[in-house]
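Participant: Here's a structure for you.
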Amino acid sequence: MSRLRIFAEDDGAIPLETHATHAGIANALKLVGVRFEQWEASRPIKPGATQDEVIDAYREDIERLMREEGYTTVDVVSLTPDHPERAALRQKFLSEHTHAEDEVRFFVAGSGQFTLHIEGKVYDVLCEQGDLIGVPDGTRHWFDMSESPYFVAIRLFNNPAGWVAEFTGDEIALKFPRMPPPESIASR
C-alpha cells in the first residue's frame, strides 16, 4: 500500500501527517508541486518482458506526459535482491541531492521510497506498483530501494544523459526512516 508521511525537517521520529489513500497522497503532494498518479497497463505484462513491451503497455500515459512536460527520453530500469551491486547502487541514492530536470518514475512492479525536503518539511513517499511520482527539478530529495531492492520502473527524462545528480552535502537523510525490506511492507 502506498503511503505518505510528512515530518518536520528537524524530527524524523514522529510524522505530522500520514496519508494512505492515493487521493490523499496526490492532494498533499500537489500542494508542494509534486505529481502523484496511478497508471494501469493497457495489456498484461509477463515476467521478463522486454523494455519495449513494458513501455508499450503504458504508451498512452507515457505519451501524455511527454506532451505535457516535454520529456524526450523514456527507458525501463529494474533491480532485484540478487543484483551484485545492489548495496553500492542503494548508497548512491541515499544522500540528499537535486537534479536540473524533473525526476519521474513509474513503478511497473515492486516499490521504492522517495523522500522530499520541501519548505521546512520532509515528505516520505512509499511508491508501489501502479504509482507515478514526478519530483520537480531543483527539489531536494533522496531515494531508498531497501537492502533487498525489487522494482521495475519506467523513467522519463528531458536530458538524454539520464540521471544526473547534484549532491547538497546536507546529512538530513540520516535523520529519517529508511525503506523497510519489501517483505515487511507486504505484511503491513
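Where a number appears in this text, it was derived from the coordinates with a stated rule and is not lab data. Quick caveat, the model's predicted, so the values are computed rather than measured. Cβ sites come from the backbone with ideal geometry, for glycine too, and all protein chains shown count toward neighbours.
Participant: So for 18, 98, 139, fewest C-beta neighbours within 10 Å to most, what's the order? Could the numbers behind the result be given before it?
Facilitator: Values: 18 13, 98 17, 139 20.
In order of increasing Cβ crowding within 10 Å: 18, 98, 139.
Participant: Ignoring the sites themselves, what is the longest stretch of the chain with no GluC sites (Glu not before Pro) in a DSSP loop and at most 13 other beta-carbon atoms within 10 Å? Could you put the intermediate results ahead of the total?
Facilitator: Numbers: sites that count: 40, 85, 119, 171.
With GluC sites (Glu not before Pro) excluded where exposed in loops, the chain gives 120-170 as its longest stretch.
Participant: Neighbouring Cβ atoms within 10 Å as the yardstick, rank 118, 154 fewest first.
Facilitator: So the residues, fewest neighbours to most, are 118, 154.
Participant: Further question on the same structure: Normalised by the empirical 2.2 N^0.38 Å for globular proteins, what value does the Cα Rg of the chain take?
Facilitator: Dividing the Cα Rg of the chain by 2.2 N^0.38 Å gives 0.98.
Participant: Using Cα positions and a limit of under 17 Å, work out the lysines in reach of residue 30, with same-chain residues fewer than 8 apart set aside.
Facilitator: 121
Participant: To continue, here is another question. With n ≥ 4 as the cut-off for DSSP H runs, can you work out [θ] at 222 nm for the chain, using -39500 (n - 2.57) per run divided by the number of residues, rounded to the nearest 500?
Facilitator: -5500 deg cm²/dmol
Participant: Given the C-alpha centroids of the stretch 102-124 and the stretch 45-96, what is the distance between them in whole angstrom?
Facilitator: Each part reduced to its Cα centre gives a spacing of 14 Å.
Participant: Let me ask something else. With +1 on the Cβ of every Lys and Arg and -1 on the Cβ of every Asp and Glu, and nothing else charged, how large is the dipole of the chain about its Cα centre, in debye rounded to the nearest 20?
Facilitator: 360
Participant: When the Debye formula is applied to the Cα atoms of the stretch 67-162, each taken as the same point scatterer, what base-10 log of I(q)/I(0) results at q = 0.14, 0.26 Å⁻¹?
Facilitator: At q = 0.14, 0.26 Å⁻¹ the computed log10 ratios are -0.51, -1.54.
Participant: In sequence order, what are the phi-derived ³J(HN,Hα) couplings for the stretch 40-57 according to the Karplus relation 6.51 cos²θ - 1.76 cosθ + 1.60 with θ = phi - 60°, rounded to whole Hz, with x for glycine and proline?
Facilitator: 10, 5, 7, 8, x, 10, 8, x, x, 4, 6, 4, 4, 5, 5, 4, 4, 5
Participant: Going by C-beta contacts inside 10 Å, put 45, 25 in order with the fewest on the left.
Facilitator: If I rank by nearby Cβ atoms, fewest first, I get 45, 25.
Participant: With N denoting the number of residues in the stretch 66-117, provide Rg(C-alpha) divided by 2.2 N^0.38 Å, to two decimal places. Working shown, then result.
Facilitator: Details: Rg = 13.3 Å, N = 52, 2.2 N^0.38 = 9.9 Å.
After normalising by residue count via 2.2 N^0.38 Å, the value is 1.34.
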